[in-house]
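Everything on this sheet refers to the single structure shown next.
The values are calculated or read from the model by the stated rules, or taken from the named source; none is laboratory data. Predicted, not measured: the structure shown is a model, and the values here were computed from it. Glycine also receives a Cβ, built like all others from the backbone with ideal geometry; neighbour counts cover every protein chain displayed. SASA here: full protein model, heavy atoms, side chains in, ligands and nucleic acids out. Shrake-Rupley method; radii C 1.70, N 1.55, O 1.52, S 1.80 Å.
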Amino acid sequence: MSRQPVVIIGSGLAGYTVAREFRKLDAETPIQLISADHGGFYSKPMLSNALATGKTPASILNANAEKMAEQLKMTIRPHSRITAIDPSSKTVTLQSGEKSSYSQLILALGADPIRLALEGNGTEAILSVNDLDDYHQLCTALKGKKDVTILGAGLIGCEFANDLAVAGYRVRVIDISVQPLGRLLPEAAGAFLQRRLEAIGVVFHLGAATQCIERIHESLRLTLANSEIIQTDVVLSAIGLRPRTALAEAAGIAVNRGIAVSRSLQTRYSDIYALGDCAEVEGRVLPFVMPIMHAARGLAATLARTPTSIKYPAMPVLVKTPACPTVVSPPDPGKPGEWHVEESEDSVKALFQSADGKLLGYALLGTVTKEKNLLATQLPAVME
Ligand SMILES: Cc1cc2nc3c(=O)[nH]c(=O)nc-3n(C[C@H](O)[C@H](O)[C@H](O)COP(=O)(O)OP(=O)(O)OC[C@H]3O[C@@H](n4cnc5c(N)ncnc54)[C@H](O)[C@@H]3O)c2cc1C
């Protein structure tokens with residue numbers, strides 16, 4: 001009897017990295033990767049940094065599904081959505097009704113952009129960019145247009161604001177928070193980033209809630225809760241992501257904010273694992289590249305019969321706002337401490353320290369970003 005394959009659902013960074021790492025350890029076991037999208041491999045972080053350099057969706061794609069299948073010696077089924085998992089028969093059901101068996105199942109399902117509940121007949125026009133197809137849609141929507149309004153001044157919102165402004169668009173950013181990167185930066189650092197982005201033309205509407213969006217001929221009209229009206233061509237929403245958990249939940253797998261897994265990335269079923277933006281590892285959802293790389297290496301070892309508990313070192317995040325180089329390593333929300341901020345004309349160095357002076361997190365903006373590696377050596381591990 002032929003061996004059942006390891007089945008990976010999802011062709012994002014999580015799905016492909018675990019396939020690549022597993023292949024380094026095991027050249028023989030069949031792998032089947034099933035994806036709802038085109039199945040090609042590309043760098044998602046590049047999407048918020050691509051317009052200014054004129055990158056097209058085609059130029060961002062590193063390799064299509066066919067090439068990836070050849071490279072990693074596996075079967076890939078693009079444009080195939082999984083609609084159900086049956087842990088008792090160890091099968092997954094495709095949208096076509098076809099069933100596929102697995103020996104071990106990896107959920108690398110990613111996350112969905114959160115949509116604001118807004119009034120008005122223009123809500124359908126709101127775009128968000130969470131994959132290559134979305135980027136294609138954005139490029140199409142921007143053709144011949146000048147004004148872009150971004151909902152959300154978080155990491156992705158600020159990166160797009162910088163990119164669009166450099167690409168020649170008039171950019172507005174709306175957020176209910178009173179500063180950009182409100183969840184990651186202390187006040188002085190947020191103000192510094194705001195000034196740097198304003199210097200390249202970005203207009204911020206902070207402490208402001210969007211209420212309504214209406215289509216008026218070719219343009220869109222936003223009404224804010226403070227009655228301010230903004231006329232714009234394109235609206236890009238970047239208010240956050242929600243892990244895709246429905247498929248797992250319907251199969252009886254525990255979910256909290258993400259699909260709940262142990263430190264070996266195992267769900268309550270011993271042969272079903274989850275990693276990447278869809279997963280919650282011991283209470284933590286970390287939708288970034290570095291945690292995925294660590295998780296994928298650990299999971300590959302587990303799949304290759306070396307049970308491995310993953311560890312996360314400190315993993316500072318580089319914010320891709322060239323107008324204001326920024327690196328953040330946010331402190332663990334539960335850890336008591338205070339921000340100590342040193343500000344100069346061309347930098348902000350903010351260190352989050354415990355009462356006994358231990359470094360628990362940092363935010364470095366401008367010229368002090370060069371200290372990021374040295375300071376990172378003093379940070380505690382995210383998960384030891
Ligand atoms: C614009 C942008 C910029 C970013 N920049 C950075 C950065 O600078 N640094 C950083 O660390 N992180 C960054 N991130 C975050 C990082 O890119 C993500 O954490 C990472 O790419 C997530 O990978 P993933 O494989 O978990 O999910 P995804 O890439 O979303 O992949 C999910 C896959 O699952 C498939 N799928 C979902 N449901 C089903 C189903 N039912 N059946 C079949 N297939 C299914 C999808 O089609 C997709 O292939 C950025 C994110 C964005 C959106």
Item checked: Amide H within-cut-off set for Val173, under 5 Å, with H built and near neighbours excluded -> Ile150, Val203, Phe204, His205
Item checked: the stretch 210-352 - share of DSSP beta bridges that are antiparallel (%, nearest 5) -> 90
Margin query: Using 0.36 nm times the number of residues separating Thr75 and Ala117, minus their current alpha carbon distance, what extension gain do you get?
Written below: 11.1 nm
Checklist line | Scattering profile of the stretch 115-237 at q = 0.12, 0.21 Å⁻¹ [log10 I(q)/I(0), Debye over alpha-carbon scatterers] | finding: -0.40, -1.26
Next item on the list: Using label points projected 7 Å from each Cα along Cα→Cβ, tell me how many nm separate Ser43 and Gln211, to one decimal.
Entry: 4.3
Next item on the list: On the protein heavy atoms, probe 1.4 angstrom, tell me the percent of accessible surface of the chain carried by carbon and sulfur.
Entry: 51
Checklist line | Crossing angle, helix 132-142 versus the chain [Cα axis fit, 0-90 degrees, rounded to tens] | finding: 30
Notebook entry, point to check: By DSSP, what percent of the beta bridges with both residues in the stretch 115-237 are antiparallel, rounded to the nearest 5?
Noted result: 40
Next item on the list: At 0.36 nm per residue, minus the direct Cα-Cα distance, what do Ala381 and Gln4 gain on full extension? Give it in nm, one decimal, please.
Entry: 132.0 nm
Checklist line | Quarter of Cα convex hull surface for the stretch 261-332, i.e. mean projection, nm² | finding: 5.3
Margin query: Quick check: the angle from helix 155-166's long axis to the longest principal axis of the chain, C-alpha only, nearest 10 degrees?
Written below: 60
Notebook entry, point to check: Counting every Cα pair in the chain, what percent are over 30 Å apart?
Noted result: 45
Item checked: Gaussian network model of the chain, springs between alpha carbon atoms under 10 Å - residue of Thr123, Thr149, Thr267 with greatest fluctuation -> Thr123
Notebook entry, point to check: Which log10 I(q)/I(0) values, to two decimals, does the stretch 325-376 give at q = 0.14, 0.23, 0.26 Å⁻¹ under the Debye formula with one point per Cα?
Noted result: -0.32, -0.81, -0.98
Next item on the list: Report, to the nearest 10°, how far helix 187-199 tilts away from the longest principal axis of the Cα atoms in the chain, using its own Cα long axis and a range of 0 to 90°.
Entry: 80
Next item on the list: Per DSSP H run of n ≥ 4, the term is -39500 (n - 2.57); total these for the chain, divide by its residue number, and report the mean residue ellipticity at 222 nm rounded to 500 deg cm²/dmol.
Entry: -6500 deg cm²/dmol
Next item on the list: Under a 10 Å cutoff between Cα atoms, tell me which one of Leu351, Leu94, Leu197 has the largest fluctuation in the Gaussian network model of the chain.
Entry: Leu94
Next item on the list: Give me the accessible area per residue for the chain, probe 1.4 Å, as a whole number in Å².
Entry: 47
Item checked: Computed log₁₀ I(q)/I(0) - Debye formula, equal Cα scatterers, no solvent, the stretch 13-137, q 0.18, 0.20 Å⁻¹ -> -1.09, -1.22
Notebook entry, point to check: What number comes out for the charge environment of Thr245, summing +1 per Lys or Arg and -1 per Asp or Glu over other residues with Cβ under 13 Å away?
Noted result: -1
Check: So what are the stretch 107-149's ellipsoid semi-axes, whole angstrom, largest first, if each one is the square root of 5 times an eigenvalue of the alpha-carbon gyration tensor?
Finding: 21, 17, 7
Check: Mind listing which GluC sites (Glu not before Pro) in the stretch 198-242 are in a DSSP loop and have 14 or fewer other Cβ atoms within 10 Å?
Finding: Glu218, Glu228
Check: GluC sites (Glu not before Pro), restricted to the stretch 266-359: which are DSSP loop and have at most 16 other Cβ atoms within 10 Å?
Finding: Glu282, Glu345
Notebook entry, point to check: Can you give the % of DSSP beta bridges in the chain that are antiparallel, to the nearest 5?
Noted result: 60
